[in-house]
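A.B. asks: Right, I'll just put the structure down here and ask away after.
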Amino acid sequence: MDCSDVHPKLFGYVDGELDLEARGRVDTHLRACGPCRQLVDLELQFHDTYVERLRPDPAPPRVWERTTALLGALVAQQRAGRRRSLGWALALALIGLGTGVALVAPLRR
């Protein structure tokens, strides 16, 4: 594995998304390649400094319950023969979930 093989996998490596085999190959390369190791170290610093701190809090249970209920109702409507697009319904439900998280997150701090 060379640098051109490793670079596309770096974000997955940092985020812990690689399977064991791929992670092992990247680890092997990083032990031998200073520039790639430095790039990973910088990405880890960025991740620890910004990504974890800016990750939104999980939605409160009542928001999840409401979203699940809305999605269930939308699916039931579609099954009943209404011609609504489930894609739009899901998009609207996700927007509602995001709005709920955005409204509740500042209250938790």
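The values are calculated or read from the model by the stated rules, or taken from the named source; none is laboratory data. For clarity, every value in this text was computed on a predicted model and none was experimentally measured. Heads up, the Cβs are rebuilt from the backbone with ideal geometry, glycines too, and the neighbour counts pull from every protein chain shown.
A.B. asks: If you scan region 4-32, which residues turn out to be surrounded by 12 or more Cβ atoms within 10 Å (Cβ to Cβ) and either in contact with a Leu (Cβ under 7 Å, 6 or more places away or on another chain) or not in a helix (DSSP H, G or I) (or both)?
C.D. replies: 9, 10, 12, 14, 18, 26
A.B. asks: Output the residue which, of all residues in region 33-75 that are in contact (Cβ under 8 Å) with a residue 24 or more places away in the chain and over 28 Å from residue 100 (Cα atoms), is surrounded by the most Cβ atoms within 10 Å (Cβ to Cβ).
C.D. replies: 36
A.B. asks: Shifting gears a bit: Given the condition touching a His at 6+ places or on another chain (Cβ under 7 Å), closer than 30 Å to residue 97 by Cα, without any contact (Cβ under 8 Å) to a residue 40 or more places away in the chain and not assigned by TED's automatic domain parsing to the domain that holds residue 95, answer yes or no: does some residue in region 9-32 qualify?
C.D. replies: We begin by selecting, within region 9-32, every residue touching a His at 6+ places or on another chain (Cβ under 7 Å); these are 14.
Subset that is closer than 30 Å to residue 97 by Cα: 14.
Filter once more, keeping what is without any contact (Cβ under 8 Å) to a residue 40 or more places away in the chain: 14.
Now narrow it down to the ones that are not assigned by TED's automatic domain parsing to the domain that holds residue 95: 14.
Looking through region 9-32, at least one residue is touching a His at 6+ places or on another chain (Cβ under 7 Å), closer than 30 Å to residue 97 by Cα, without any contact (Cβ under 8 Å) to a residue 40 or more places away in the chain and not assigned by TED's automatic domain parsing to the domain that holds residue 95.
A.B. asks: Follow-up. Give the residue, chosen from 40, 14, 26, that is within 16 Å of the chain's Cα centre (by Cα) and among the aliphatic types (A, V, I, L, M). Please lay out each step first, then the result.
C.D. replies: Numbers: 40 fails: within 16 Å of the chain's Cα centre (by Cα); 26 fails: within 16 Å of the chain's Cα centre (by Cα).
After ruling out the rest, the residue left standing is 14.
A.B. asks: Residue 1 versus (1) in a loop (DSSP other than H, G, I, E, B); (2) of a type outside the set (Lys, Arg); (3) within 22 Å of the chain's Cα centre (by Cα): which is the lone unmet condition?
C.D. replies: Just one mismatch for residue 1, condition (3).
A.B. asks: Here is a further query. I need the full set of residues from region 40-62 which are acidic (Asp, Glu) and assigned to a helix (DSSP H, G or I), in order please. Reasoning before the result, please.
C.D. replies: Step one: of region 40-62, the residues acidic (Asp, Glu) are 41, 43, 48, 52, 57.
Correct list: 41, 43, 48, 52.
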